[in-house]
Amino acid sequence: MRVTFARALRNPVSAIGVALTTASALLFLFLFTLHIFGFLQSPYVGILVFILIPAVFVAGLLMIPVGVWLERRREAAGLEPRRWPKIDLNDPTHRRMVAFISIATVANVLILSMASYGAVEYSESQPFCGELCHTVMEPEFVAHADGLHGRVHCVQCHVGPGAGGFVAAKLNGTRQFWLAATGTYPRPIPTPVETLPAVQNTCEQCHRPDRFVGDRLDVIYDHANDAANTETKTTVRLHVGGPISGTGSGIGIHWHMNLANEIEYVALDGKRENIAYVRVATPDGSVREFFGEGVKESDVAGKPRRRMSCLDCHSRPAHTFGSSPARAVDAALGQGRLNAKIPFIRREAVRALSGSYPTQALGLEAIEREIRKGVNANQPHTFEESDLRRAIEVTQRIYRDNVFPSMKVGWGTYPNQLGHTESNGCFRCHDDSHKTKEGVAISQDCELCHTIE
């Protein structure tokens, strides 16, 4: 054993292996201790501590016997074996050298440990997810920052739990990095739900699907294209409702999220717009199957089924984009961000936002030019220049948050299936055309979900 270890130390390959093994072992112990005591909470910690560092440790171990084999080959070839310089600790120069190397080694391990900790922290940050690939992820990054989930880190929704989730996320990230590096990424970025972790491990960590919500009021603003930007308000009472715990019963929109029921469907397209088949199983053992118009059993046989979850209606929970310029401008007027005293500002803002511009920068310039030209044509002025400047800034912000020509993202590119005013939404199933073999249809009774007040 002494001879083998000496050979290992003499060969540079084995020496590097010993160094890697020692450094990775110390680094593992350091980070594992931080992880145990709760100082590292990132989902990426598992990859670093339990996969990458052990991989370096194993690689170092494998290099040691390789070095021994290479040293034996040197001896078999009759070459002079490598000799390490002799160290005499009685010599003050040697003692200082050993002390320096020991201190430097400890310092290097600490530096490497802190660098690894910093890498973990950065890898779970919003800039890492949204700004590292600026052009590719800019639409999602901007929408996320302005949305209701702006303080929820990307990894909390996009990385599943456990080592399996870590590995899957990194493999997918590697593929995405290659697409970004080669410029072969799709424009716009598709949104397949198959790559997302189960909602039980993401949405339901904060939201309770079995909670009864009741009714909610929502005010929808509409404005005319006249000089006064005449406002119309529509108040909708949403029957969000919820399940009756422990049963398959419930009322309102959130009846769909009753965990006691099992709702599955088959979509014929990747965006889940064309739903051909719906199956509903309740705790009493009853099963109902609904087929879309003209759909036969053979059409959906063998096709993948998806169990209905939060994301089938809340399809844009963290990256919401506007469906149309009119909707966005009406909302801004209703919220008071656009001054309705500016004549025809609704008409001019919608017209400017509806234009097609090759770049975002040119679009922002054109919006200011078109609004000023359109508004100044309407005399007399009943507003200050500061009001007009503010209206232009708000309109530009609407454009900047929703239109990204470089990624081919525009109005309606990413439909929100929550409701049915901006997309098919509820009507994907509730269209009176999905029927059982006995002719019973999925109801389209509007007042099951809302009433207009």
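The values are calculated or read from the model by the stated rules, or taken from the named source; none is laboratory data. A quick note: this is a predicted structure, and the numbers were derived from the prediction, not measured. No Cβ is skipped: glycine too gets one built from the backbone with ideal geometry, and neighbour counts run over all protein chains shown.
Just one of (1) assigned to a helix (DSSP H, G or I); (2) over 27 Å from the mean Cα position of the chain (by Cα) fails for Tyr357. It is (1).
One line per residue, one yes/no per condition, for (1) at pLDDT 90 or above; (2) part of a helix (DSSP H, G or I); (3) not aliphatic (A, V, I, L, M):
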site	(1), (2), (3)
Thr247	no, no, yes
Val280	yes, no, no
Phe290	yes, no, yes
Val295	yes, no, no
His314	yes, no, yes
Phe321	yes, no, yes
Ala328	yes, yes, no
Gly336	yes, no, yes
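Helices (runs of 4 or more DSSP H) fully within segment 1-79 that include at least 3 residues being surrounded by 17 or more Cβ atoms within 10 Å (Cβ to Cβ) and modelled with pLDDT of 65 or more: 12-36, 53-76.
Only a single item in (1) surrounded by 18 or more Cβ atoms within 10 Å (Cβ to Cβ); (2) at pLDDT 95 or above is not met by Arg351, and it is number (1). Determine whether segment 366-384 contains at least one residue that is assigned by TED's automatic domain parsing to the domain that holds Arg346 and within 22 Å of Met137 (Cβ to Cβ). No. Going through (1) under 30 Å from Leu148 (Cα atoms); (2) under 30 Å from the mean Cα position of the chain (by Cα) one by one, Lys303 falls short only on (1). If the condition is being surrounded by fewer than 21 Cβ atoms within 10 Å (Cβ to Cβ), assigned to a strand (DSSP E or B) and either charged (D, E, K, R) or within 27 Å of the chain's Cα centre (by Cα) (or both), then segment 249-266 contributes Glu262, Ile263, Glu264.
Conditions (1) assigned to a loop (DSSP other than H, G, I, E, B); (2) surrounded by 19 or more Cβ atoms within 10 Å (Cβ to Cβ); (3) out of contact with any strand residue (DSSP E or B) (no Cβ under 8 Å at 6 or more places or on another chain), marked per residue:
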residue: Ile367; (1), (2), (3): no, yes, yes
residue: Phe383; (1), (2), (3): yes, no, yes
residue: Arg389; (1), (2), (3): no, no, yes
residue: Ile398; (1), (2), (3): no, yes, yes
residue: Ser406; (1), (2), (3): no, no, yes
residue: Gly412; (1), (2), (3): yes, no, yes
residue: His420; (1), (2), (3): yes, no, yes
residue: Ser423; (1), (2), (3): yes, yes, yes
residue: Gln444; (1), (2), (3): yes, no, yes
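Checking Pro304, Pro343 one by one, the residue that is surrounded by 16 or more Cβ atoms within 10 Å (Cβ to Cβ) and part of a loop (DSSP other than H, G, I, E, B) is Pro343 and no other. Among the residues making up segment 356-411, those that are of a type in the set (Gly, Ala, Ser) and more than 30 Å from Ala318 (Cα to Cα) are Gly374, Ala377, Ser386. Only residues that are modelled with pLDDT under 75 and among the aliphatic types (A, V, I, L, M) were counted across segment 169-191, and they come to 2.
Scanning segment 139-157 for residues that are free of Cβ contacts under 8 Å to residues at least 40 places away in the same chain and surrounded by 12 or more Cβ atoms within 10 Å (Cβ to Cβ) returns Phe141, Ala145, His153, Cys154.
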